[in-house]
Every structure is written in structure tokens, then in C-alpha cells.
Amino acid sequence: GENVEQHPSTLSVQEGDSAVIKCTYSDSASNYFPWYKQELGKRPQLIIDIRSNVGEKKDQRIAVTLNKTAKHFSLHITETQPEDSAVYFCAVSFSGGYNKLIFGAGTRLAVHP
Amino acid sequence: SQTIHQWPATLVQPVGSPLSLECTVEGTSNPNLYWYRQAAGRGLQLLFYSVGIGQISSEVPQNLSASRPQDRQFILSSKKLLLSDSGFYLCAWSYSSNEKLFFGSGTQLSVL
């Protein structure tokens, strides 16, 4: 089955710095790659996603890059702010159908003022 | 607009007791429905998904079961809870045509 690995598991940055989280996956047929942000005790919220026909997508301070050949994709957050502190999950669509998403283990990001 | 309701928000149950968590979606028809579990400080594990009424697929063998008695209703059940069933349970839905998931607010289950 699909395997998704996410690194690092924890990330600590100073306010204003950039943060990068990377995920690798195993199924070359996967074609949808979202990122979710989860604040403590809350539901995961979709923050950005990308499909396999695009190499990069940007939305204000966040961007996602995809390398289909190497089977990895990354979340980039620039000019980090304390409110960016949360757990971030990558996910990969399962090519076996039924629109299933397989999630990475998560990255706990702490942004220090 | 579409909304997803999940209840209860928190639940404390003794070992061996039954469980029923309910999730409903409004504003769309024939959604795909999902149950995920999140252990403390861990990732999201897909438990069940459903593409239609009465159609349930299980991802991992466990003490839980799911049912979809109506198009927009998804229920997670157990006959006898185990300590290891504790966790944060999230219901989610997607359009049948794509993979974008929308999560409910979750149920924090503590089995004591």
C-alpha cells in the first residue's frame, strides 16, 4: 500500500524565518497532494494542495513544491508568525480509488517570537 | 454551503462499554464519508470509508465497526471498548469526484 513519510517530526524557528517540511511517498500513480494544519484540539484544516500536473503552487506566505520523479513534495512557509505554530500533515491520494488520503505522521511547528 | 456535524465533542467511557459516534453532512448529496483516528500526538489513521449507503470499507482490523444507514449519515460503533480505543476521532467527507477532505470537529474519546 501507499507509504507516506514526513520530516521533520518537530521544527522550531524564530519568528520571521522560513520553515520547510518534506514528505516522500511510494505510489508513483498518486496525483493529489494536500497539506493540512491542525491547531491543538481542533480539526485539521486544508491550507494548500497541488496536483501532479503542476510543479509549484503558492498562496501568500505558503507554497508547495512537487517533484514527481523523486516522489517528494514540500511545504514552505515564509516570514513565519507565532500563529503558524501548529501540527502540519501532508497527505497523498491513494491511486486505488475511492478518493482515499493517506497522511504523514505530522510535523509540530513552533514559531518563537 | 456544506457543513459536517460530529457529536459528541468529548466522551469518557469505561472499558467494556459500547460506543456510538455520529456524523452527518449537510448541503451535498452522495458524499464519500470517512472515519479517522488520531492517537495522542500522532498522525491520522484511516479507519473506515464509504462511497454510498450500506457500503463500508475497513482499513485496519480492530474493535470498531461503521455503518451508513442514510446518504449523509455515518456512524462509528463498538460493542465493547478497549483502553486502546482512546483517541481523537474525526469524521470527514469529500465530494465523490475528488479527494479534498473536510473534517468534522472531532470527538475526544477516553476509555478508562
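Odds and ends about this structure:
- In a reduced charge model with +1 at each Lys and Arg Cβ and -1 at each Asp and Glu Cβ, chain B shows a dipole moment near 180 debye about its Cα centre.
- Theoretical gain in end-to-end length, A:Glu2 to A:Asp17 [0.36 nm per residue, Cα-Cα removed]: 2.1 nm
- Each of B:Ser67 and A:Asn31 was given a label point 7 Å from its Cα along the Cα-to-Cβ line. The distance between the two points is 3.7 nm.
- Whichever aspartates and glutamates have a C-alpha closer than 17 Å to that of A:Lys71, once near sequence neighbours (fewer than 8 apart) are set aside: A:Glu2, A:Glu5, A:Asp27, A:Asp49, A:Glu56
- For the protein assembly as shown, the solvent-accessible area with a 1.4 angstrom probe is 47 square angstrom per residue.
- Bins of 5 Å from zero: percent of alpha-carbon pairs in the protein assembly as shown: 1, 7, 15, 18, 18, 16, 13, 8, 4, 1, 0
- For peptide B:37-48, the mean count of partner chain Cβ atoms within 10 Å of a residue's Cβ comes to 4.
- When the solvent-accessible area of chain B is split by element, carbon and sulfur atoms take up 52 percent of it, the probe being 1.4 Å.
- Other residues whose C-beta falls under 12 angstrom from the C-beta of A:Ile77 contribute a net charge of -3, scoring Lys and Arg +1 and Asp and Glu -1.
- With the convex hull constructed from alpha-carbon coordinates only, chain B shows a mean projected area of 6.5 nm² over all directions.
- All distinct Cα pairs of the range A:7-113 go into the 1/r average, and the inverse of that average, the Kirkwood radius, is 14.0 Å.
- Chain A and chain B together bury an accessible surface of about 1800 square angstrom, both sides counted, with a 1.4 Å probe and no ligands or nucleic acids included.
- Near-label residues of the range B:69-108 by backbone N, under 14 Å of a point 7 Å along Cα→Cβ of B:Arg42: B:82-90
- The range A:1-67 and the range B:72-112: distance between their alpha carbon centers, rounded to Å: 23
The values are calculated or read from the model by the stated rules, or taken from the named source; none is laboratory data. Worth saying up front: this structure is predicted, and the values here are computed from it rather than measured. All Cβ positions, even for glycine, are placed from backbone atoms using ideal geometry, and neighbour counts span all protein chains on display. Accessible surface is based on the protein model in full, side chains and every heavy atom, while ligands, DNA and RNA are left aside. Shrake-Rupley method; radii C 1.70, N 1.55, O 1.52, S 1.80 Å.
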